[in-house]
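Below is one structure; the comments refer to it alone.
The values are calculated or read from the model by the stated rules, or taken from the named source; none is laboratory data. Since this is a predicted model, take the numbers as computed values, not measurements. Positions of Cβ are backbone-derived with ideal geometry, glycine not excepted, and every protein chain shown enters the neighbour counts. Heads up: the accessible areas ignore ligands, DNA and RNA and are worked out on the full protein's heavy atoms, side chains in. Shrake-Rupley method; radii C 1.70, N 1.55, O 1.52, S 1.80 Å.
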Protein chains: 6
Amino acid sequence: MTKPVHVRIISPITTLGFRSDAAVKSLETDGLIVSATQIAKGPASIESEYEGAMAAPDTVARIIEAEREGVDACVIDCMGDPGLRAARETVSIPVLGPCNTGMHIAAMLGHKFSVITIVNRLIAQFENAAALAGLSSRMASARSVEIPVLELEADMDRTRKILIDEAQKAVQLDGAHAIIFGCTGLFGCAAAVREGLLQRGIDVPVIDPIPTAVNIAAGLVRANLSQSERTYPLPPEKAMPGYDMPDLRLNAAE
Amino acid sequence: MTKPVHVRIISPITTLGFRSDAAVKSLETDGLIVSATQIAKGPASIESEYEGAMAAPDTVARIIEAEREGVDACVIDCMGDPGLRAARETVSIPVLGPCNTGMHIAAMLGHKFSVITIVNRLIAQFENAAALAGLSSRMASARSVEIPVLELEADMDRTRKILIDEAQKAVQLDGAHAIIFGCTGLFGCAAAVREGLLQRGIDVPVIDPIPTAVNIAAGLVRANLSQSERTYPLPPEKAMPGYDMPDLRLNAAE
Amino acid sequence: MTKPVHVRIISPITTLGFRSDAAVKSLETDGLIVSATQIAKGPASIESEYEGAMAAPDTVARIIEAEREGVDACVIDCMGDPGLRAARETVSIPVLGPCNTGMHIAAMLGHKFSVITIVNRLIAQFENAAALAGLSSRMASARSVEIPVLELEADMDRTRKILIDEAQKAVQLDGAHAIIFGCTGLFGCAAAVREGLLQRGIDVPVIDPIPTAVNIAAGLVRANLSQSERTYPLPPEKAMPGYDMPDLRLNAAE
Amino acid sequence: MTKPVHVRIISPITTLGFRSDAAVKSLETDGLIVSATQIAKGPASIESEYEGAMAAPDTVARIIEAEREGVDACVIDCMGDPGLRAARETVSIPVLGPCNTGMHIAAMLGHKFSVITIVNRLIAQFENAAALAGLSSRMASARSVEIPVLELEADMDRTRKILIDEAQKAVQLDGAHAIIFGCTGLFGCAAAVREGLLQRGIDVPVIDPIPTAVNIAAGLVRANLSQSERTYPLPPEKAMPGYDMPDLRLNAAE
Amino acid sequence: MTKPVHVRIISPITTLGFRSDAAVKSLETDGLIVSATQIAKGPASIESEYEGAMAAPDTVARIIEAEREGVDACVIDCMGDPGLRAARETVSIPVLGPCNTGMHIAAMLGHKFSVITIVNRLIAQFENAAALAGLSSRMASARSVEIPVLELEADMDRTRKILIDEAQKAVQLDGAHAIIFGCTGLFGCAAAVREGLLQRGIDVPVIDPIPTAVNIAAGLVRANLSQSERTYPLPPEKAMPGYDMPDLRLNAAE
Amino acid sequence: MTKPVHVRIISPITTLGFRSDAAVKSLETDGLIVSATQIAKGPASIESEYEGAMAAPDTVARIIEAEREGVDACVIDCMGDPGLRAARETVSIPVLGPCNTGMHIAAMLGHKFSVITIVNRLIAQFENAAALAGLSSRMASARSVEIPVLELEADMDRTRKILIDEAQKAVQLDGAHAIIFGCTGLFGCAAAVREGLLQRGIDVPVIDPIPTAVNIAAGLVRANLSQSERTYPLPPEKAMPGYDMPDLRLNAAE
């Protein structure tokens, strides 16, 4: 038996109970262990650049801890990928953002993709994320269901209905050939949305970013790959008044 | 125990014994079965657009057969990704090209990537592949070791040495932060090349395209994803004199 | 009197009678001879990546033969440009694809162009062709009349009417300043479509790809130009079991 | 007399005395008041994505305070533009990052620009900044003098000499037509570097990012312009445990 | 007291009285002097490439004269930026075009910008201007009010109403986050258009190109910056029959 | 016999005898008549944006006259394509610039092209021309032989030698697969340069812009194509003090 791969999901928000144990365990398969944690300092949820910035410090701390506990890879549980680049500098294990991962996978699977996000104000962020990924030419559009993240589950039938409506518009009006959920709070809706689209005669991949990123992270571990030290070198040793961050040199010494 | 994923490697060349059973089996892990086959009609090896075009018809036939045998995903065993788009139109299971997959994974892991290929004449093809992937802005360069594919294994020490030299130039002169092998004939060299680069003080991911594509294919299957029917619809029913291709409707009917 | 230029049109489909002698001869002018041939093995028509791939081997064979017969340039008679890159590797005379040629000519003549093609499933192919040509920023849109290639001539009035309607939308909704027919089966419709657009107050070039490519091919011959051997080098000598292709060295030896 | 414009410089580092009063006052002209402050929590200096992320929260707090004190515009004193997007969401007055501003001004003044930064590891960050600005096609290169930010002033003659050497290479090897300093710690060196380049026969603008951003900020205020609320909407009201940030609604109520 | 900055506005049209003294003087602030002049040879107004080309020679002459009179910077008073590149070659003081300046400032302030111009025929010119600025990816759209430049002031209420309507469409349909007036004849309308948009719930910067360019020009002078001699070298000495242009060497000798 | 096509070459410089009758007549073939003229007002030669701007008005006048004389197409005899867009607005016959035409033809023939121009200061102009053509991704480089246009013929052996040297560098260092002469003063050198490159083992197309543009212009006439009225609409009727231009309405009335 080969050694199982352990992927940890890091929720960069302080609202408790957002990511259930059952959901996390549903991702496990033969040879794949999945755990989850969340930050203690930062925003209740993330719907702005400001909240993403406030979430980053503690997200990085959780990822450094995960590496020290022997976790094989981390996935940040927010489509803003908060702290992704910073965290990658501080550890050797692969750290994946669901937005960056979802966009590359979508581009592998279809001609162009659309992101269906929760609020309009995030559309520019997704266009920026595509630009940084080098994938602007592959993004058909970003669209919004206009439901704040913490209200998504209040009426899941309505949420799914609007998701299907916007996904249909993305395909028929914007030319999308693949759909990415623009909020990890939509975890678990992919099968229903794909089915809803099929009933309307639309057959496209629907990418649920957390399952996708977890499985791709596992694939990277099995292929002995991690982020480039050249892009993400260890930060220099330096004072950081006002924060109680883990000592970065401990990992480096390993 | 979850159902294992079965990935098949399709070698689009007619030279026998190119891909050893041992190499194929070395890719298996808990929950992952890997098999391999090759084409009967087409080029001895692929080092041109012409040979890629001649390899495509029988590659597509092998992929249609794989789906009918219950295989979960296919990986084409050539960095020219011959027949990739055609094959994706004819089956529902994920079909991955190692070039397209390797480029997206490299772009996920580092700022820019370089492809180290075997002969100069392929450089334009890799630049075209990056353009189609939407990743031109993420490719630092394509470089060549100038060793034909069927001679790569004649002197593996020399091959590895030149690979390391060219990868070093890609990093230091071209700004690459990740390296992709530009020929699947280099399968198995990644650890040695990465080690050689580390000894020269260069710490970058070295992407071995076949192990990478096989593990990403398995990840896609586990995440219930495949290529978009919208990009790759089933071809219309039509006469095809001069070829004895499998009937495309059999898959469609399933 | 200067030596006349001989351009050959290669139809990459096996349906007989698709390209009439009268149509071919209508392209001749002082100093320009035009002939035509077609493939014997491959699809009845081309409306998918799969069919394009199946058409390529015999298309290449016909182009090699044309060069040996003393033809000065070849034009492939399909907007998928099947076998274009492969064929260019095997001969010294210019080989033109109507799609690639039409896009560059359209970009020379107007700010942005649209392709009006026959079926929706080809739109992604045209966007890929524009990307490979480097002309994505010059393509306004690809639109479809939704009539299969072999049915275009069944009701030419209706075909022309829908072409004019879609071209008008391309201009008024998508910002096209030039129109390219997205199927060479529309050969001969340009004057009627241009007239129809003028009657609606729209004055844009309407590019009929075959006449355009034939005349541009003749211009290249007169200017002593052909495709770059650096981009399209002769393939290495190699076994090709299952195919009976002309020996590539014969041309090289000339 | 028209009302003077008050621009505040926010240093996002905790090292005291980095930005002298004399330097700040040297920027004042008729109708322009310049003040400066710095963060209390965060990195001693910024040479990584990690340090930029750690600097963002207190930088945003300082900018919110500046607006409440009646300051007309803020400039962040670091070429990583830490917290720029987050801060812009929280205030109505213009907030400028010297990197983003310097790149647009450089693109206005010359064909292509190069950034001369302090350490190699920042090069990818500058390429990402150019991509987000939409200016990748206008950046010739990013080059480094390999001197950490807090050591720049230790031997200013050597620093200036290396700056001139790298700027010369940027012009002659990379095709730069304008130079941007890649670290605000180089404030005050522009005249000397420009003079040094002129002595070598090279006549290009040398952009000192802080004076440039301060004067452009003043110009925006006089032209009644600020960042778009559409791109940078006020974040929703929300708990932020672990941080003591100013209440965002106070500004909104104004 | 610091030396005031003198910016001159050059109107590249021969219609008298187009730019009133009051408008020019309204741009002055502490430390900023603004003057204006116009060409004597060339078009009555500019609404085509042809008219822009005819305006360029005398515009360049006026700018050379301005430098000799001791003016610190020039702004060309037309969104076609006629003669901008030519003039920059002939003088050392900064010469700004309102289109190029407005686009870079818009890109600094918001995610994407739209240009609201006067006639449809100019839309391609604005797309070309964005391409040359490197900002195609930041332009959401160019839209037109379809009112010729010399009729804009005939019914200013109607002009403002249509401007607001088109700006609203640019924001809501095209995704613009900032608006640029596409004709300097709209000078003075920004406050009203911004107010009109706010009344419709749309809060975006509205860039009035002349005030913006004048203030940015002043900022460049204060930051000791001008266009790059590398991009805009002095033209060689040469006969110019048919024109009575100032001797370019006089400036060079200064 | 089909009606011959008449193409006129317009030299936008006032130096007499630059384009010999013999050179012009050498372009004629069966069915192709070539004539030439030049401007009376403007620069002795063109090596700057300023000179290009000064050449434009009389170039446009010559092109309007050509159309009235029954010429079928015009080619501007300068790689700066001076007056191209302006002229296209004023006539219905095709007007081609050798730079724009040469770039599109080069992009059709090979993977990437380089321009070998006469003086360094023109390199940015060629990069801008490629950007406007949409072909930035297809241009490998622009290089210069540093010989002013009017001195090119003083020592043609040396000129050809340096051309071959720079073309070789373009291919081997920059990745060019096709060469375009960057000055129409090099007319007639293509065969020698191509031969020189072949002797060094480099087999790439060498594009002589005037013969290429003349033959492509003839091809467009035969294919019934001209520039788009949508991109180049007739300018409005308007006063033009200081110039004695042909009345644009005469052509429009035809």
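Find the residue count for the range D:81-98, including only residues that are of a type in the set (Gly, Ala, Ser) and either in contact with a Lys or Arg (Cβ under 6 Å, 6 or more places away or on another chain) or touching a residue at least 60 places away in the same chain (Cβ under 8 Å) (or both).
Of the residues in the range D:81-98, 3 are of a type in the set (Gly, Ala, Ser) and either in contact with a Lys or Arg (Cβ under 6 Å, 6 or more places away or on another chain) or touching a residue at least 60 places away in the same chain (Cβ under 8 Å) (or both).
Applying the criterion of being part of a helix (DSSP H, G or I) and of a type outside the set (A, V, I, L, M, F, W, C) to the residues of the range E:203-254, the residue that is farthest from the chain's Cα centre (by Cα) is E:249.
If you check B:206, B:221 for being under 21 Å from residue B:83 (Cβ atoms) and more than 14 Å from chain C (Cβ to nearest Cβ), only one passes: B:221. When the residues of the range E:1-15 are filtered to those that are in contact with a helix residue (DSSP H, G or I) (Cβ under 7 Å, 6 or more places away or on another chain) and more than 30 Å from residue F:244 (Cβ to Cβ), the one that is surrounded by the fewest Cβ atoms within 10 Å (Cβ to Cβ) is E:5. Whenever a residue of the range D:174-190 is within 14 Å of another protein chain (Cβ to nearest Cβ) and on the phi < 0 side of the Ramachandran plot, its partners that are open to solvent by 10 Å² or more (accessible area, probe 1.4 Å) and of a type in the set (Ser, Thr, Tyr), lying with C-beta atoms within less than 6 angstrom and at least six residues away or across chains, give the pairs D:174/D:141; D:177/E:231.
Checked against the criterion of being buried (at least 18 other Cβ atoms within 10 Å of the Cβ), over 19 Å from residue C:81 (Cβ atoms), over 15 Å from the mean Cα position of the chain (by Cα) and assigned by TED's automatic domain parsing to the domain that holds residue C:112, the candidates C:194, C:200 yield just one match: C:194.
If I go through the range B:70-86 residue by residue, how many of them are within 14 Å of the chain's Cα centre (by Cα) and farther than 10 Å from residue B:217 by Cα?
Counting residues in the range B:70-86 that are within 14 Å of the chain's Cα centre (by Cα) and farther than 10 Å from residue B:217 by Cα gives 10.
As a summary of the residue check, residue F:108 satisfies the conditions (1) among the hydrophobic types (A, V, I, L, M, F, W, C); (2) open to solvent by 30 Å² or more (accessible area, probe 1.4 Å); (3) within 14 Å of chain C (Cβ to nearest Cβ) except for the one numbered (2). The single condition from (1) within 14 Å of chain A (Cβ to nearest Cβ); (2) open to solvent by 10 Å² or more (accessible area, probe 1.4 Å); (3) more than 17 Å from the chain's Cα centre (by Cα) that residue B:120 fails is (1). Among the residues of the range C:204-254, not one is surrounded by fewer than 16 Cβ atoms within 10 Å (Cβ to Cβ) and under 27 Å from residue C:179 (Cβ atoms).
Restricted to the range F:16-38, and to residues there that are at pLDDT 95 or above and assigned to a loop (DSSP other than H, G, I, E, B), the residue that is surrounded by the most Cβ atoms within 10 Å (Cβ to Cβ) is F:27. Checking each residue in the range F:46-93 for being surrounded by fewer than 24 Cβ atoms within 10 Å (Cβ to Cβ), in a loop (DSSP other than H, G, I, E, B) and among the small types (Gly, Ala, Ser) picks out F:70, F:92. Does residue D:29 satisfy the condition of being without any contact (Cβ under 8 Å) to a residue 12 or more places away in the chain, in contact with a Gly (Cβ under 7 Å, 6 or more places away or on another chain) and more than 24 Å from residue E:134 (Cα to Cα)? Judged against the criteria, residue D:29 is a match. Any residue in the range B:135-144 that is polar (S, T, N, Q), facing chain A (nearest Cβ under 10 Å) and in contact with a Gly (Cβ under 7 Å, 6 or more places away or on another chain)? For the range B:135-144, residues polar (S, T, N, Q), facing chain A (nearest Cβ under 10 Å) and in contact with a Gly (Cβ under 7 Å, 6 or more places away or on another chain): present. When the range B:2-37 is examined, which residues are found to be farther than 20 Å from residue A:3 by Cα, touching an Asp or Glu at 6+ places or on another chain (Cβ under 7 Å) and among the hydroxyl-bearing types (Ser, Thr, Tyr)? Selection gives B:11 alone. For residue F:158, the conditions (1) more than 14 Å from chain E (Cβ to nearest Cβ); (2) touching a Pro at 6+ places or on another chain (Cβ under 9 Å) are fulfilled apart from (2). Just so you know, in the range F:21-49 the residues that are of a type in the set (Gly, Ala, Ser) and away from every other protein chain (no Cβ under 13 Å) include one that is farthest from residue F:73 (Cα to Cα), and it is F:22. Among the residues making up the range E:207-239, those that are aliphatic (A, V, I, L, M) and modelled with pLDDT of 95 or more are E:207, E:210, E:213, E:214, E:216, E:217, E:218, E:220, E:221, E:223, E:225, E:234. Checking the structure you have, find out if any residue of the range D:179-186 is open to solvent by 40 Å² or more (accessible area, probe 1.4 Å) and at pLDDT 95 or above. There is no residue in the range D:179-186 that is open to solvent by 40 Å² or more (accessible area, probe 1.4 Å) and at pLDDT 95 or above.
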